[in-house]
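The values are calculated or read from the model by the stated rules, or taken from the named source; none is laboratory data. Everything numeric here is computed off the predicted structure, so don't read it as measured data. Note that we place each Cβ from the backbone using ideal geometry, even for glycine, and neighbour counts take in every protein chain shown.
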């Protein structure tokens, strides 16, 4: 019959890097082919065919995150035009739940990666800082559905949040000091002690069946 | 950003069986040889997906910590939902062929061909020889014969009208039966006492144009459907010469009103043939029943639901019109093992007085899905071709706003 679609060695390498099992990878590969309509790469337009995603207020940012080169573990910056299956898996792996057998260092790295993903979602101009304007953008996107909520209210929520962030990161500021933006270190500080793992994971089922029934 | 989160769930990887099996006779062992039996498809549950979604609603997930307050972490909830949607969604999988638990020796249903064992390869090659060298020529011969018969149907103009009608109906049914044999069809009809009669509307779930052929082999109907081009268009044209069918263009609004009017007129006359309508509006892959369009349920009249379920082990009957043309589909069907299906005629249903058309449509849909062993989805089959309406997205955003802003106003403690 035909040759295997992915060579086992490549599959193992993918599995090691992303943490998915080989059966999960096969399943996600089928999903990838469905989204890409049997092409080798996915473009932004391919995400238009997912009805569930249309419901999401930050849909634009999520799709953007898939093409963000910073998330694809490449040293370069900017947006990719299309992503292949490996990149697709890489982004999905950010949402994996933590595993029982992880040690302290792995846990810490894992958490940092998730927070970095979130940071990139806020930092839309790729300058390494979440400015007040970027924060306002996110809040406005989330709250844009409410016709009664004016832009001013969304703005004041964002402003309040930035002030809070500034006080955590920089402490008391003088009247003429300007807070430029939340850097990634400040972002980490904000999340210290708060459990994000349960909020930001998707339960990928283990596809290996061990059920016996008679 | 100081806030107390409530722990939502345990942080453990849950190992669950990825598929539920029926009670008797399903054994699946790990290893290089996976052999198992499956009971009749009616008792099997659809395979679970790769993502386990939380039962909690948006309110519970977000507002767990404090009501009326915006939190940076709310973005996490939406990004998680986004990732889940990308990994898997209920709707788009219905527009492609069903994934099979066990391979049915048709290479088209095995997406990732890989070598399992040389014995299986031999069996597969023998299967190819049987299908392409034995079954196909036989089926092509019957198709040609059937087409000849159909063309000569309008002969004998001198017989009286009533006899001519009866004769025409009989010949149509014979042609349809032959047509079913052309594609290697083996159909089991159940509850024939509920067969639709004149003046009624027959509704069924839609998987492919074969549905029409199968139903036509057991009774005569007036069809309502989308006008096609190509091979299917030719078949439709030839059918139009012998009976009254209503063909329309899906995208034409004017056409829809006209169709409704014609249906009303048709069912008012009890002597006319029952109308056959597929309310889903498009082909779905036979694992679920999608939204029934309310048009046919508004005109009044008796609804005769019919459930059609194909056995996926012998062939993939689903016509993916975005991927395959009619010719390719016909070739695929002819080179499969067989088209085995069950057709259940369900008791007639009438719209109650206080009931609205949408509710009635859902009621009929539930009955059909239950009988056929398919799941029910509220989504519109039209999503195959169109995008989701903006209004749905806005609903979700409104919901989130309500959680965050507490009765529409921005309070002092809006950030936590």
Where residues in the range A:26-45 are surrounded by 19 or more Cβ atoms within 10 Å (Cβ to Cβ) and more than 8 Å from chain B (Cβ to nearest Cβ), which of them is farthest from residue A:142 (Cα to Cα)? A:32
Per the filter on the range B:368-381, residues within 11 Å of another protein chain (Cβ to nearest Cβ) and either modelled with pLDDT of 80 or more or in a helix (DSSP H, G or I) (or both) are B:377
(1) within 25 Å of residue B:385 (Cβ to Cβ); (2) not in a loop (DSSP other than H, G, I, E, B): which one isn't true of residue B:238, the others all being true? (1)
As an exercise: evaluate residue B:176 against (1) more than 20 Å from the chain's Cα centre (by Cα); (2) crowded, with 20+ Cβ neighbours inside 10 Å; (3) not in a helix (DSSP H, G or I) and give the number of the one condition it does not meet. (3)
Out of all the residues in the range A:60-81, is one or more over 24 Å from residue A:191 (Cα atoms), free of Cβ contacts under 8 Å to residues at least 40 places away in the same chain, within 10 Å of another protein chain (Cβ to nearest Cβ) and within 12 Å of the chain's Cα centre (by Cα)? yes
For the range B:90-113, does any single residue satisfy the condition of being part of a helix (DSSP H, G or I) and modelled with pLDDT of 75 or more? no
Looking at (1) part of a loop (DSSP other than H, G, I, E, B); (2) farther than 18 Å from residue B:298 by Cα; (3) in contact with a helix residue (DSSP H, G or I) (Cβ under 7 Å, 6 or more places away or on another chain), find the lone condition where residue B:247 falls short. (1)
Would you confirm, using the coordinates I've provided, whether residue B:153 is modelled with pLDDT under 75 and part of a helix (DSSP H, G or I)? yes
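The rows are residues; the columns are (1) farther than 16 Å from residue A:25 by Cβ; (2) surrounded by fewer than 20 Cβ atoms within 10 Å (Cβ to Cβ); (3) within 11 Å of chain B (Cβ to nearest Cβ).
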| residue | (1), (2), (3) |
| --- | --- |
| A:83 | no, no, no |
| A:87 | no, no, no |
| A:90 | no, yes, no |
| A:94 | no, no, yes |
| A:99 | yes, yes, yes |
| A:105 | yes, yes, no |
| A:111 | yes, yes, no |
| A:114 | yes, no, yes |
